[in-house]
Amino acid sequence: MFVYWAMMLSIMGMYTMYIAEIGFTKRQISIAVSMLICSSFISQNIFGYLADRFRSIRRLMIISNVIGIILSIILKFSQSTTTVYMIIFAWGFFLYGTVPLSEAWYMGILRESGDDREFGIIRGIGSVGYGLSGILLGILLNQFGWEIYSYYITISTIINLIIVLMIEESNDIVDIKGESISISEALRQIIRIRPLRTMVLIIFIYNFVLRGIYSYLGILVMDFGGGPISLGFAYFFDAAPEVITFALSTRLLAKYRDRDLIFIAFIMQIIRLSLILVFNSPIAIIVLGSFSGIAFGFLATAYKTFIYDVAPDKYKVSCLSLSESIIGLSGVISAPVFGFLFVKFDGHIAIAIGLLIYVILAIVLGINLYAPKGAKDAEVEC
C-alpha cells in the first residue's frame with residue numbers, strides 16, 4: 001500500500017504542474033484533468049467487471065503497471081500536446097482507475113487471514129507513502145528540474161510492479177459488483193430510502209468541491225506563488241493525517257454518530273478554505289492541508305458505514321457499490337466546472353465558491369442534526 005500510493009503520487013500529484021511547465025495553458029490543463037478523471041471513472045467499472053469475469057485482480061494490476069511503465073518512457077521522448085493528452089488519458093484509465101480494485105484486493109487478502117480490521121491502518125500507511133513521495137519528488141524536481149520527472153515515474157512504477165508480483169492472488173476476491181442484483185434495483189433502493197438518498201447527495205456535493213480543488217492543486221499552488229517543493233509538502237500535509245483517522249475509525253464510530261463525523265468534516269473544510277483565503281500563501285495551503293486529511297478520514301469512515309447500515313440486507317453491497325459510483329461521478333463533473341473557474345479567474349475565486357457551497361451545506365446539515373426535538377417536523381431527515 002505504501003509503495004502503491006507513493007507511485008500514484010508521482011503521476012496523479014504532479015502532472016498538472018508538469019504540463020504547465022512544458023507550456024500548457026490553463027484551458028489545456030483543464031481539458032487534461034477532465035480527460036484523466038473521465039477515463040478513470042470509466043475504467044473503474046470496466047476493471048470491476050473484468051475482475052469478476054476472470055476472478056483475478058492481480059493480473060489486472062500487473063498489466064496496468066506494465067502499461068504505466070511504457071507510458072512513462074513515452075513521456076520522456078515526446079512532449080507534443082496530443083501525445084501528452086493521450087498519456088494522461090491512459091494514466092487515468094490504467095493506473096488511477098485501479099484504486100478501488102487495489103483496495104478490494106488487499107481487503108480480500110486481509111480477510112483470508114482474519115485481519116480485515118487492520119485495513120484502516122494499512123490504508124493510512126498508503127497515505128503516508130503518498131505524502132512522503134510528494135516531498136521527495138518535490139525536492140528532486142527543485143534540485144534537478146523536470147527532466148527527471150519521467151524517470152521518477154518509471155522507477156516508482158517498476159518498484160510497485162515488483163511488489164505486486166510478490167503478492168499471491170487472493171482466494172477471497174471482493175465482489176466489487178455485489179450480489180446478483182441489477183443496478184436498477186439498487187438505484188431504486190437509494191432513491192426510495194430517504195436517509196440513504198440524502199446521504200449520497202451530501203457526499204456528492206462534498207466530493208464535488210473537494211475533487212474540484214484537489215484536481216487543480218498544482219495550479220492553485222502556482223497561483224499562490226509556490227513551486228514543486230511547496231506542492232510536494234502540500235500533498236504530505238494533506239495525506240499524512242489520514243493515517244490517524246483511519247486507525248481510529250472504529251473508536252470514533254463507537255463514540256460518535258456517523259453524521260456527527262460528517263458535520264465535523266464540513267466544519268474543518270470551511271476553516272481550511274477560509275484561512276487559505278485569509279493568509280493567501282503556499283505555506284497556508286501546505287499547513288492547512290492537514291485539516292483536509294483529517295476531514296477525509298472522518299468522512300470516509302462515516303458515510304460508508306452509514307450507507308451500509310441503512311441499506312436493506314439484500315442490497316447492502318450493491319447499494320454501497322452504486323453509491324460510490326454516483327459519488328465518484330461528482331469528480332467527473334467538477335473537473336470541467338472548476339477548470340472553468342481557474343481559467344476565467346484564479347485559485348482565489350475557485351476556493352471562495354467552494355467555501356460558499358460548504359457553508360450552505362453545513363448550515364443545512366447542522367440544522368438537521370442539532371435542531372431542538374420539538375422542531376423535528378421541520379427537519380430535513382438525513
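The values are calculated or read from the model by the stated rules, or taken from the named source; none is laboratory data. Here the structure is a predicted model, which is why all the values come from computation and not from measurement. Here the Cβ positions follow ideal geometry from the backbone for every residue, glycine too, while neighbour counts run over all protein chains shown. Accessible surface is based on the protein model in full, side chains and every heavy atom, while ligands, DNA and RNA are left aside. Shrake-Rupley method; radii C 1.70, N 1.55, O 1.52, S 1.80 Å.
Across region 287-314, the number of residues qualifying as among the small types (G, A, S), under 18 Å from E103 (Cα atoms) and either buried (at least 21 other Cβ atoms within 10 Å of the Cβ) or in contact with a His (Cβ under 9 Å, 6 or more places away or on another chain) (or both) comes to 2.
Being surrounded by 16 or more Cβ atoms within 10 Å (Cβ to Cβ), hydrophobic (A, V, I, L, M, F, W, C), assigned to a helix (DSSP H, G or I) and more than 22 Å from the chain's Cα centre (by Cα) holds for only one residue in I109, I87, and it is I109. Here L95 meets the list (1) touching a helix residue (DSSP H, G or I) at 6+ places or on another chain (Cβ under 8 Å); (2) open to solvent by 20 Å² or more (accessible area, probe 1.4 Å); (3) under 18 Å from M1 (Cα atoms) almost entirely, failing just condition (2). Of the candidates S318, S323, the single residue that is at pLDDT below 90 and either in contact with an Asp or Glu (Cβ under 9 Å, 6 or more places away or on another chain) or surrounded by fewer than 22 Cβ atoms within 10 Å (Cβ to Cβ) (or both) is S318. Pairing residues of region 92-106 that are within 18 Å of G120 (Cα to Cα) with residues that are modelled with pLDDT of 90 or more and hydroxyl-bearing (S, T, Y), at Cβ distances under 7 Å and at least 6 apart in sequence or on separate chains, gives S102/Y4.
Taking the criterion of being at pLDDT below 80 and either surrounded by fewer than 16 Cβ atoms within 10 Å (Cβ to Cβ) or among the polar types (S, T, N, Q) (or both), the residues of region 148-186 that qualify are E169, S170, N171, D172, E179, S180, S182, I183, S184, E185. If we keep just the residues of region 365-382 that are assigned to a helix (DSSP H, G or I) and surrounded by 14 or more Cβ atoms within 10 Å (Cβ to Cβ), which is modelled with the lowest pLDDT? Residue satisfying both the conditions and the ranking: L369. Residues in region 22-44 include at least one that is basic (K, R), assigned to a helix (DSSP H, G or I), farther than 25 Å from I326 by Cβ and in contact (Cβ under 8 Å) with a residue 12 or more places away in the chain.
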